[in-house]
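Asker: First the structure, then my questions, so here it is.
The values are calculated or read from the model by the stated rules, or taken from the named source; none is laboratory data. Given the structure is predicted, the values throughout are model-derived calculations rather than measurements. Every residue, glycine as well, gets a Cβ built from its backbone with ideal geometry; the counts of neighbours run over all protein chains shown. Surface accessibility is based on the protein's heavy atoms, side chains included, excluding ligands, DNA and RNA. Shrake-Rupley method; radii C 1.70, N 1.55, O 1.52, S 1.80 Å.
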Amino acid sequence: MKKGKWMALLLACALLMVAAGCGTGGKNENTGSEGADGQAAEKLRDVQLMLDWSANTNHTGLYAAKELGYYEEEGLNVQIVQPGAGGTDTLVASGKVPFGISYQEGVTLARTQGLPLVSIAAVIQHNTSGFAAPKDKGIVKAGDFEGKSYGGWGSPVEEAVMKSIMEIDGADVSKVNMVNMGDADYFTAVKRDIDFAWIFYAWTGIEAELRNEPLDMIYVKDYSEQLDYYTPVIVTNEKLIQEDPELVKAFMRATSKGYDYAIQHPEDAAALLTKAVPELDAELVLASQKWLSPRYQDDAARWGEQKAEVWSGYADWMFERKLLEKELDADSAFTNEFLPEKP
């Protein structure tokens, strides 16, 4: 999955561009089929869930909930859709789409710019992203970035994170050659004109293993607790929470069951994802799922749980580096209210 694409979506959020028309919203209904007794089946409520990027193992729990009928059990007909014009954050915040997949940094930026986006679950408990380089590049710590070429997308967040962790190693970010990767694939780019890039290990890192192209991976969370933020998260908007909390509860009950299933049955969950999205590489999905499944919940009391200190820590880091115009009210940016209690 390409970080540049989701970063572009994040920046679109800052422009506050509300795209017109995005299919069905959260309040439409769908007539069910008739049963054998001639009575109309209970109507399912049509609900859209917008992804952050193309389907991958970050999303397995969503597809599991859909394929296993968990959403239907809650009276919902959930349609999983690709990001729309204007970006997922903007469309969810405006109420054009009730639920979406975002990132803590996206929600933080949105909230400080007045968008009523709220995170209702952390998909993965700890940050699995970082800077990756082929083994032969000799990049094993942040200090080794000096004199090397970094493939990115020109986002202020990229350079700020790099600067932050390089300083811990006593290195200077100005000595890194910044290269715009554009649409280049990571594996193509590192053979052509860059030495390292920012990746999510669960996908690109696992793909590197399958290709037998080993990487040195420098996880940003290993350098700073403030960079151990939630990525990705499930989001909705304040209006839906206020006006229809039962819908949010029903959606999250089913979604939580889907992720619990993916945690407990990684191989079966991978098969469900490849069935739902057959264009995915089944071998990569399976290997990625085995790596990621134990990391969904990790050390949290339940899947999806979020901590105030994680939200405030990363927001403070962003504000200190002038990536935010004002400080974040962390308590309003997320809620655990809609996560089902553990039995």
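Asker: Asp169 accessible area, nearest 10 Å², 1.4 Å probe?
Answerer: 60
Asker: I need the Debye-formula profile for segment 169-315: one equal scatterer per C-alpha, no solvent, reported as log10 I(q)/I(0) at q = 0.16 1/Å, two decimals.
Answerer: -1.16
Asker: In addition: Counting only C-alpha contacts under 8 Å and six or more residues apart, can you give the relative contact order of the chain as a whole percent?
Answerer: 25
Asker: Going from most exposed to least, what order do Lys326, Lys137, Lys307 have by accessible area with a 1.4 Å probe?
Answerer: My answer, sorted largest first, is Lys326, Lys307, Lys137.
Asker: While we're here: Please name whichever of Pro156, Tyr186, Ala142 sits farthest to the positive end of the charge dipole of segment 129-227, dipole taken about the Cα centre and charges placed at Cβ: Lys and Arg +1, Asp and Glu -1.
Answerer: Positive-most Cα among the choices belongs to Tyr186.
Asker: To the nearest 10 square angstrom, how much accessible area does Trp203 have with a 1.4 angstrom probe?
Answerer: 30
Asker: Charges only on Cβ, +1 for Lys and Arg, -1 for Asp and Glu: so what's the dipole of the chain about the Cα centre, in debye to the nearest 20?
Answerer: 520
Asker: Under 18 Å from a point 7 Å along the Cα-to-Cβ line of Lys141: which residues of segment 213-236 have their amide N that close?
Answerer: It comes to 216-225, nothing else.
Asker: Two decimals is fine: what's Rg over Rh for segment 104-176, C-alpha atoms, Kirkwood radius as Rh?
Answerer: So for segment 104-176, dividing Rg by the Kirkwood Rh gives 1.06.
Asker: What is the Å³ per residue value for the convex hull set by the Cα atoms of segment 129-227?
Answerer: Output value, Cα hull per residue: 90 Å³.
Asker: From the backbone phi of segment 120-135, what are the Karplus-calculated ³J(HN,Hα) couplings (6.51 cos²θ - 1.76 cosθ + 1.60, θ = phi - 60°) in whole Hz, Gly and Pro given as x?
Answerer: So the Karplus estimates, Gly and Pro as x, are 10, 5, 8, 5, 10, 6, 10, 5, 9, 9, x, 8, 10, 9, x, 3 Hz.
Asker: Can you send over the carbon and sulfur percentage of the accessible area for the chain, probe radius 1.4 Å, protein chains only?
Answerer: Reported share for carbon and sulfur atoms: 47 percent.
Asker: Evaluate the chain: find the radius of gyration of its Cα atoms, find its Kirkwood radius, and give the ratio Rg to Rh.
Answerer: Over the Cα atoms of the chain, Rg/Rh equals 0.98.
Asker: A follow-up question, please. Please identify which residues in segment 120-137 have an amide N closer than 14 Å to a label point set 7 Å out from the Cα of Lys191, following the Cα→Cβ vector.
Answerer: The answer is 134, whose backbone nitrogens lie closer than 14 Å to the label point.
Asker: Then there is this: Would you mind checking the tilt of helix 245-264 against the longest principal axis of the Cα atoms of the chain, expressed as 0 to 90 degrees and rounded to 10?
Answerer: 60
Asker: Shifting gears a bit: Given a Förster distance of 30 angstrom, what is the FRET efficiency for Lys326 paired with Met178, based on the Cβ-Cβ distance and rounded to 0.05?
Answerer: Given R0 = 30 Å and the Cβ-Cβ separation, E is 0.60.
Asker: So, one more: To test your reading of the geometry: what angle, between 0 and 90 degrees and rounded to tens, separates the Cα axis of helix 282-297 from the longest principal axis of the chain?
Answerer: The angle comes out near 90 degrees.
Asker: Same structure, new question: On C-alpha positions alone, give me the angle between the axis of helix 156-168 and the longest principal axis of the chain, in degrees, nearest 10.
Answerer: 50
Asker: Separate question: What spacing in nm lies between the two simple spin-label points modelled at Lys275 and Glu42, each 7 Å away from Cα in the Cβ direction?
Answerer: 2.3
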